[in-house]
Amino acid sequence: MTSARARRRLALIGLILISALAIGITSTQMPDHIAAASRLAADGTPAVALIGDEPVSADDFKQNVGAVNSNLGYMQGEIASGSQSSAFLQAFIDLIHAHGIENVALGSMIENQALYDLAVTRGFAPSDDVVNAKVAQDKALAAQSIDPAAAAYIASVGEDRFWNTLYPASVRRQMATQALWQDTVKGKPTNADQVAAWNDVQQQALDATHVTILDAKAIAPASTAAAIDYLHDYWRFSAQ
């Protein structure tokens, strides 16, 4: 259907995995002085949030905000070029602006981690060789032709960092979640059956995911509650 085709075109080389879901996340707040001493993110800086067991740095959050902005630029470019999906894309743009870019970024991070964690638990994590092959393939394709919005994002985070760190992590999550989706919908005879089965799995993933905000100022004006509100609205929007 049109919305499904349009969503596939929004990937920007897989930076943001956005899919319809039901939400069941618990959120807690922790004093900053305790948080700073308790968890460090992958870049060695204090975590500003925990999504499941995954520490999130301020830079991680900023990068996801940048990715949402890149997706907005891509969609706007598609509309300007007369895409057949323009109505859907404009509605999606309006939805993002209604909830705020920061809340969309936080929501996508919550969703991605929850589904990835469930996929790994069920044995769908791809091997390093498979991930590296996919990254090499996409890098070669990008060298031939890449959307300006995606190119701008890559430049903003650094090409080496993008291809060696950020993109491989995104590919790993995408491949695991895609395998989880394929396993979920296997044997389901209709699209409605597939959607219902996937929604059940998404709910299970989100029910098992705890979001702990360690430094609210670092992600302001985003909040877990507002991010969940966005995801609820996106779920309804994508089901239309």
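Given the residues A151, A227, which is the only one that is under 18 Å from the mean Cα position of the chain (by Cα) and not β-branched (V, I, T)? A227 is the lone residue from the list that is under 18 Å from the mean Cα position of the chain (by Cα) and not β-branched (V, I, T). Considering only region 145-183, state which residues are crowded, with 18+ Cβ neighbours inside 10 Å, touching a Phe, Trp or Tyr at 6+ places or on another chain (Cβ under 9 Å) and either over 21 Å from G66 (Cβ atoms) or β-branched (V, I, T) (or both). Passing the criteria: I154, M175, A176, T177, L180, W181. Just give me the residues in region 196-223 being among the hydrophobic types (A, V, I, L, M, F, W, C), farther than 16 Å from D183 by Cα, touching a helix residue (DSSP H, G or I) at 6+ places or on another chain (Cβ under 8 Å) and outside any strand (DSSP E or B), in sequence order. Those that are among the hydrophobic types (A, V, I, L, M, F, W, C), farther than 16 Å from D183 by Cα, touching a helix residue (DSSP H, G or I) at 6+ places or on another chain (Cβ under 8 Å) and outside any strand (DSSP E or B): L206, A208, L214, A218, I219, A220, A222. Of the helices (runs of 4 or more DSSP H) entirely within region 1-102, those holding at least 3 residues that are at pLDDT 50 or above occupy 58-80, 86-99.
Condition check for A125 on (1) free of Cβ contacts under 8 Å to residues at least 60 places away in the same chain; (2) surrounded by 19 or more Cβ atoms within 10 Å (Cβ to Cβ); (3) closer than 24 Å to Q202 by Cβ: one failure, at (2).
Entry remark, region 174-192: residues being part of a helix (DSSP H, G or I) and touching a helix residue (DSSP H, G or I) at 6+ places or on another chain (Cβ under 8 Å) number 8 in total. Scan region 100-158 for residues that are aromatic (F, W, Y) and farther than 30 Å from A80 by Cβ and the total you get is 2. Criterion applied to S57, S70 was being over 17 Å from A220 (Cβ atoms), among the small types (G, A, S) and in contact (Cβ under 8 Å) with a residue 12 or more places away in the chain, and the one residue passing it is S70.
Just so you know, in region 103-137 the residues that are at pLDDT 90 or above and acidic (D, E) include one that is farthest from A176 (Cα to Cα), and it is D129.
To keep it simple, each residue is scored yes or no on (1) in contact (Cβ under 8 Å) with a residue 24 or more places away in the chain; (2) of a type outside the set (A, V, I, L, M).
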| site | (1), (2) |
| --- | --- |
| A197 | no, no |
| Q202 | yes, yes |
| H210 | yes, yes |
| L214 | yes, no |
| H232 | yes, yes |
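With respect to the conditions (1) farther than 17 Å from I51 by Cα; (2) surrounded by fewer than 16 Cβ atoms within 10 Å (Cβ to Cβ); (3) not aromatic (F, W, Y), A142 falls short on a single one, namely (2). T165 satisfies every condition listed in (1) more than 25 Å from L115 (Cα to Cα); (2) of a type in the set (V, I, T); (3) in a helix (DSSP H, G or I) except (1).
Any residue in region 138-149 that's over 19 Å from A169 (Cβ atoms): show its pairings with residues that are of a type in the set (S, T, N, Q) and in a helix (DSSP H, G or I) at Cβ separation under 8 Å, as long as the two are six or more apart or on different chains. Pairs that qualify, where the first residue is over 19 Å from A169 (Cβ atoms) and the partner is of a type in the set (S, T, N, Q) and in a helix (DSSP H, G or I), are A149/S70; A149/N71.
So is V171 part of a helix (DSSP H, G or I), β-branched (V, I, T) and at pLDDT 90 or above or not? Answer is yes for this residue.
The values are calculated or read from the model by the stated rules, or taken from the named source; none is laboratory data. All values reported here derive from a predicted model rather than from experimental measurement. Note: ideal-geometry Cβ built from the backbone for every residue, glycine included; neighbour counts use all protein chains shown.
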